Amino acid sequence: MVKKRKHSETNAAEPTTNKDDSTTLERPKRTLLGWKDKDNTEVKEIDSPGVFRNKEKVLVTCSRRINYRYRHLMLNVVSLLPHCKKDNKVESKSSKGATLNELVELKSCSSCLFFECRKHKDLYLWMAKCPNGPSVKFLVNAVHTMEELKLTGNHLKGSRPLLTFSSNFDNNAHWKLIKEIIIQIFGTPKEHRKSKPYHDHVFVFSIVDDHIWFRNYQVEIDSHFHLGTGKDDDDGALISFFHMGEIVSDIVGILSDSALQITVPHNESDKVVRGGLDKMTLIEVGPRFCLNPIKIFGGSFGGPTLYENPFYVSPNQIRALEKKQKAGKYAKKVKAKTRRKMHELSNPLEPNEFADMWRE
């Protein structure tokens with residue numbers, strides 16, 4: 001049998017360490033992206049305590065019984081916004097505001113785009129900041145999806161867009177509010193995990209006849225321009241494509257008259273000559289739609305009315321007028337028949353002498 005070792009012998013066998021535990025270096029924490037150093041992260045957090053970081057997330061959903069064209073439009077918008085989240089269809093009822101606010105909170109979002117379809121014909125778009133508002137209700141007209149347009153433009157999926165607005169947005173207070181909501185919803189946050197740090201397309205919002213027209217354009221450079229060196233025949237100051245604000249501001253005058261899109265190479269070394277707008281062409285990508293503002297509410301999907309469009313005419317009224325016009329045509333035909341009969345009775349024809357000549 002094996003003899004058991006005494007307790008005093010076990011204590012003597014254990015090596016004694018005089019090192020303090022405080023001096024030993026802790027092993028860095030392992031993450032999916034590699035080893036994480038705690039000291040560096042703490043220093044970064046201390047150095048930048050007041051830096052603002054845009055964490056905007058948009059919930060995109062639609063109502064039940066939506067038309068297939070409007071559903072495809074919603075999917076096109078989802079593909080253009082890498083910072084959005086999709087959700088199941090929501091019943092279009094009077095209580096949809098509370099339901100959508102709850103969904104936005106569950107999805108940890110701060111904004112919502114709700115496509116509401118009624119009578120399988122009319123599409124309404126809600127842009128809302130949740131949960132405190134404000135929110136805007138639009139009527140969507142002139143819808144053209146990417147699939148039906150078959151345009152030649154193309155850009156990198158997930159790249160950050162440049163937002164351009166016509167000068168009309170600064171005229172009135174309600175246009176300024178709509179502009180700010182559009183910037184917060186359609187602007188992709190910097191360093192978002194699903195976005196790519198490139199600017200190769202432009203979202204254009206222009207006001208024509210009190211309607212907001214949306215276009216999406218790609219920015220492309222002519223083939224004769226040397227992308228590798230960033231040089232052209234004429235020497236001049238170079239500007240990086242990652243700072244295209246000045247270039248786009250020069251083109252805004254053209255944007256108000258027609259839609260515009262910008263496409264850019266995806267390397268920081270690729271540069272273009274300052275003011276060389278002739279080297280770039282704009283190719284439309286799609287989709288297209290027109291927004292007719294109806295009301296602006298102080299809350300999320302409701303609340304006090306801040307603005308109401310006096311020129312708005314509902315689609316139901318338009319269809320009723322069309323029916324009345326068609327009914328007017330039928331009434332004119334009936335009246336014409338009765339007038340003809342009355343004319344024939346008041347003006348009878350004289351008897352014909354030769355009517356019965358050949359009957360014998």
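The values are calculated or read from the model by the stated rules, or taken from the named source; none is laboratory data. Please read all numbers here as calculations on a predicted model, not as lab measurements. All Cβ positions, even for glycine, are placed from backbone atoms using ideal geometry, and neighbour counts span all protein chains on display. All accessible areas refer to the heavy atoms of the entire protein, side chains included, with ligands and DNA or RNA removed. Shrake-Rupley method; radii C 1.70, N 1.55, O 1.52, S 1.80 Å.
Among the residues of the stretch 144-163, is there at least one that is open to solvent by 50 Å² or more (accessible area, probe 1.4 Å) and farther than 25 Å from Arg71 by Cα? No. Taking the numbered list (1) open to solvent by 70 Å² or more (accessible area, probe 1.4 Å); (2) free of Cβ contacts under 8 Å to residues at least 24 places away in the same chain in turn, Leu306 passes all entries but (2).
Regarding Ala355, is this residue of a type in the set (Gly, Ala, Ser) and in a loop (DSSP other than H, G, I, E, B)? Criteria met by Ala355.
For the stretch 164-185, filtered to residues that are open to solvent by less than 30 Å² (accessible area, probe 1.4 Å) and of a type in the set (Val, Ile, Thr), the residue that is nearest to Leu75 (Cα to Cα) is Ile185. Could you go through the stretch 158-174 and let me know if any residue there is acidic (Asp, Glu), without any contact (Cβ under 8 Å) to a residue 12 or more places away in the chain and farther than 30 Å from Phe311 by Cα. No, that holds for no residue.
Considering only strands (runs of 3 or more DSSP E) fully contained in the stretch 168-250, which possess at least 3 residues that are at pLDDT 50 or above and touching a strand residue (DSSP E or B) at 6+ places or on another chain (Cβ under 9 Å)? Explain how you work it out, then say what you get.
Numbers: elements: 201-208, 211-221, 238-240.
Hits in the stretch 168-250: 201-208, 211-221.
For Ala98, the conditions (1) small (Gly, Ala, Ser); (2) open to solvent by 60 Å² or more (accessible area, probe 1.4 Å); (3) in a helix (DSSP H, G or I); (4) in contact with a Lys or Arg (Cβ under 8 Å, 6 or more places away or on another chain) are fulfilled apart from (4). Looking at the stretch 186-207 only, could you name the residues that are within 26 Å of Pro310 (Cα to Cα) and open to solvent by less than 10 Å² (accessible area, probe 1.4 Å)? Correct list: Val204, Phe205.
Residue count for the stretch 286-333 under the criterion of being modelled with pLDDT of 90 or more and within 27 Å of the chain's Cα centre (by Cα): the result is 30. Return yes when Lys157 is under 20 Å from Tyr217 (Cα atoms), at pLDDT 95 or above and out of contact with any Pro (no Cβ under 7 Å at 6 or more places or on another chain) and no when it is not. No, not satisfied.
Mind checking whether some residue in the stretch 139-148 is touching a helix residue (DSSP H, G or I) at 6+ places or on another chain (Cβ under 7 Å) and among the small types (Gly, Ala, Ser)? No; the residues of the stretch 139-148 include none that is touching a helix residue (DSSP H, G or I) at 6+ places or on another chain (Cβ under 7 Å) and among the small types (Gly, Ala, Ser). Number of residues in the stretch 75-86 that are in contact with a Leu (Cβ under 9 Å, 6 or more places away or on another chain) and open to solvent by 50 Å² or more (accessible area, probe 1.4 Å) equals 2. Taken across the stretch 127-141, residues that are open to solvent by 30 Å² or more (accessible area, probe 1.4 Å), at pLDDT below 95 and within 15 Å of Leu81 (Cβ to Cβ) do not occur at all. Restricting the first member to the stretch 104-115 and to residues that are in contact (Cβ under 8 Å) with a residue 60 or more places away in the chain and open to solvent by 10 Å² or more (accessible area, probe 1.4 Å), and the second to residues that are part of a strand (DSSP E or B) and hydrophobic (A, V, I, L, M, F, W, C), no beta-carbon pair is closer than 7 Å while six or more apart or on different chains. Every test in (1) at pLDDT below 95; (2) touching a strand residue (DSSP E or B) at 6+ places or on another chain (Cβ under 9 Å); (3) within 18 Å of Val77 (Cβ to Cβ) is passed by Tyr124 save one, and that test is (1). When Ile283 is tested against (1) modelled with pLDDT under 95; (2) more than 30 Å from His201 (Cα to Cα), just one condition goes unmet, and that condition is (2).
Only one entry of Ala320, Ala331 meets the criterion of being within 30 Å of Leu73 (Cα to Cα), open to solvent by less than 60 Å² (accessible area, probe 1.4 Å) and without any contact (Cβ under 8 Å) to a residue 60 or more places away in the chain, and that entry is Ala320.
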